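Worksheet: one structure, shown below.
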Amino acid sequence: MAKTVPTHANSTETKDQISWRERFAALGNLPAFFRLVWQVSPGLFLGNAFLRLIRAAIPTATLYIGKLIIDQVVALSKQPEGDTRILWWLVGAEFGLAILSTALGRAVALMDSLLGDLFANQTSIRLMEHAATLDLEQFEDATFYDKLERARRQTTGRTVLLSGVFGQVQELISVGFLAAGLAVYNPWLLVLILLAVTPSFIGDNYFNQRSYSLSRSWTPERRELDYLRYIGASDETAKEVKIFGISGFLIDRFRELSWQYYLKNKALAISRAGWGTVLTALGTAGYYGAYVWIVMRAVGGQITLGDLTFLAGSFRQVRGSLEGILLQLSSLTQEAIYLQDLFDYFAIKPLIHSPSTSRPFPNPIREGFVFEKVGFKYTNSDRWALRNLSFTLHAGEKLALVGENGAGKTTLVKLLARLYDPAEGRILLDGYDLREYDLAELRKNIGVIFQDYTRFKMSAGVNIAVGDIDQRTNQDRIETSAQRSLADTVIAKLAGGYDQQLGRSFGKGVELSGGEWQKVALARAYMRDAQLIILDEPTAALDARAEYEVFQRFAKLTEGKSSVIISHRFSTVRMADRILVLENGTLLEIGSHYELLEKDGRYAELFGLQARGYQ
């Protein structure tokens with residue numbers, strides 16, 4: 001079902017406001033997230049945690065050794081003849097801690113990077129695996145596409161969340177050591193620190209919430225921007241963009257939409273910068289108030305110079321760490337909310353699936369497919385694509401579907417392959433509902449080539465093998481399929497033969513003509529040892545002679561098998577055993593070519609119009 005580029009006049013308004021309760025509730029996603037990361041690499045996961053734990057103790061140890069060094073220096077300045085060995089041991093220990101901290105930091109960064117790559121790869125694989133289980137109709141729904149787009153964005157960069165949580169734990173341990181030292185001198189210093197960091201924490205949480213709301217509400221527009229960016233500079237659209245001169249239109253639409261998004265982000269960024277400055281200034285004032293108190297204690301001789309250094313350094317680090325922890329907590333809740341997008345996608349379940357106990361698929365099919373008052377309409381559509389449709393596709397029969405565009409021909413084919421399920425009525429196979437059979441077995445026994453077949457940017461051999469990808473290493477079968485569809489004549493002209501890269505998206509790739517691509521696509525139907533073969537406008541790009549030869553071969557190669565052919569060329573249609581004429585989703589006529597001509601109905605009218613066009 002074709003999709004149109006959406007225009008959202010009012011959707012730039014912030015819609016998805018997230019409450020504080022929802023933000024912190026989103027932290028409930030972390031256990032499931034950590035399970036995913038653990039599954040990627042338990043060794044890296046544990047190693048990362050262990051190294052961070054060691055690193056957490058280094059700041060307190062460094063500050064305390066610094067205090068001891070200063071006290072030793074002061075003591076030696078009063079007694080120059082004193083023993084300096086302890087001083088140099090302390091300097092050496094501080095140097096060793098500095099080296100160790102740097103080494104641990106690089107090791108942690110390395111593990112974060114490796115976990116990030118592995119997680120991105122594994123999550124992308126899971127995303128594709130889950131997509132394979134979902135229904136075609138779900139892919140044709142804009143709301144689903146928004147969820148899919150948000151999920152795609154979570155496949156990379158989510159280990160920022162992992163690093164953030166580990167970093168939080170590391171910082172909390174560090175703060176615990178430092179806070180213990182401050183509490184020995186005056187516990188009120190800790191209260192003052194908390195008051196100093198609170199304003200900026202509240203501000204950043206507020207603006208993180210607004211940033212998330214804006215990003216989420218603009219998901220459809222960002223998809224449209226990506227789409228416009230693609231079609232405005234793509235080998236697949238270049239010829240029509242040039243011939244119709246629509247580059248200006250596409251650029252103007254992109255400029256308009258991107259400018260609106262820029263203005264929204266600009267307003268938010270300016271507001272955040274302004275308020276952030278004010279709130280940070282309040283926190284800084286609190287910090288320097290405590291710093292003055294510490295200095296006055298040192299001036300009064302109540303603490304040593306080493307104590308002053310230790311307290312000032314500890315206070316600065318605790319304040320910085322707490323501020324970082326609180327701000328990171330804000331970011332973590334935001335990241336956890338974004339993470340929900342990934343889990344929301346994985347929570348989507350297909351409506352079309354195999355029953356718990358499947359009926360064995362008939363081999364061979366004995367009676368055929370029976371449509372009993374079948375009706376179907378697409379999501380968000382008031383019009384029935386098919387309605388009250390009843391007919392039989394007999395075993396071994398060649399059935400042609402005829403009708404104007406939008407009559408329901410392709411929809412009928414998709415129902416046969418259970419890409420959709422009927423909204424009304426049912427489809428029987430050998431007397432049993434199609435939904436009673438295993439879905440994979442059903443589709444394995446049906447080969448379909450749609451008019452909008454995919455041109456895979458892969459080798460010629462793989463483009464044929466996708467018809468039965470498990471046989472992709474069976475070169476004899478690939479070449480036999482190519483001979484049956486006449487694709488062998490196309491491949492014979494390629495420098496790389498069956499290994500030739502098709503499409504110019506990758507190095508040394510070559511592009512085929514529309515007719516050549518159709519022959520390659522047709523070969524896919526012959527790759528599959530299916531009992532029902534469906535060709536949906538498979539020869540639209542072929543000339544009359546090539547089409548005639550293709551269908552002569554098709555008729556011979558599908559003897560004893562059921563087949564459905566959709567074509568607007570009546571020279572092709574007349575080869576079928578029976579012809580079903582659809583109009584507005586309902587069965588208008590059915591019969592052989594000669595029977596329908598004798599009825600002198602719609603088929604005879606359409607046949608006559610086309611025949612006169614060749615005179």
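The values are calculated or read from the model by the stated rules, or taken from the named source; none is laboratory data. These numbers were taken from a predicted model, which means no experiment stands behind them. Every residue, glycine among them, receives a Cβ derived from its backbone with ideal geometry; neighbour counts consider all protein chains shown. Side chains included, ligands, DNA and RNA excluded: accessible areas come from the protein's heavy atoms. Shrake-Rupley method; radii C 1.70, N 1.55, O 1.52, S 1.80 Å.
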message: Students often get this wrong, so try it: which of (i) 235; (ii) 218; (iii) 151 is volume of the Cα convex hull per residue in Å³ as calculated from the structure shown?
response: (ii)
query: What dipole magnitude, in Debye to the nearest 20, does the stretch 383-445 give about its Cα centre under +1 on Lys/Arg Cβ and -1 on Asp/Glu Cβ?
result: 280 debye
- prompt: How many percent of DSSP beta bridges within the chain run antiparallel, rounded to 5?
  reply: 50 percent
query: By what distance, in whole Å, do the Cα atoms of the stretch 96-145 stretch along each of the three principal axes, largest value first?
result: 62, 18, 8
query: For the chain, with only Lys/Arg (+1) and Asp/Glu (-1) charged at the beta-carbon, what is the dipole magnitude about the Cα centre, in debye rounded to 20?
result: 1080 debye
message: So for each of 218-229, 513-524 I average, over its residues, the number of other beta carbons within 10 Å; can you give me the resulting order with the highest mean first?
response: 513-524, 218-229
task: Select from Val318, Ser124, Ala298 the residue farthest towards the positive end of the dipole of the chain; place +1 on Cβ of Lys and Arg, -1 on Cβ of Asp and Glu, and compute about the Cα centre.
output: Ala298
Per-residue ³J(HN,Hα) for the stretch 395-400, Karplus 6.51 cos²θ - 1.76 cosθ + 1.60, θ = phi - 60°, Hz, x for Gly and Pro: 4, x, 8, 9, 10, 9
- prompt: What number, in nm² with one decimal, is the all-direction average of the projected area of the convex hull of the alpha-carbon atoms of the stretch 420-559?
  reply: 9.9 nm²
query: Once the whole set of protein chains is in place, how much accessible area is left on Asp430, using a 1.4 Å probe, in Å² to the nearest 10?
result: 20 Å²
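How many percent of Cα pairs in the stretch 362-440 exceed 23 Å?
The answer is 18 percent, as a whole percent.
Among the listed pairs Lys414/Lys561; Lys147/Lys444; Lys398/Lys493; Lys373/Lys409, which have their C-alpha atoms separated by more than 24 angstrom in this model?
Table pairs above 24 Å Cα-Cα are Lys147/Lys444; Lys398/Lys493.
Leaving out ligands, DNA and RNA, and with a 1.4 Å probe, what % of the accessible surface on the chain is carbon or sulfur? Show your work: numbers first, answer last.
Details: 18050 of 31400 Å².
Of all accessible area on the chain, carbon and sulfur atoms account for 57 percent.
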- request: Taking amide H positions as placed in the peptide plane 1.01 Å from N, state which residues far from Glu589 in sequence (5 or more) or on other chains have amide H under 5 Å from it.
  value: Val581
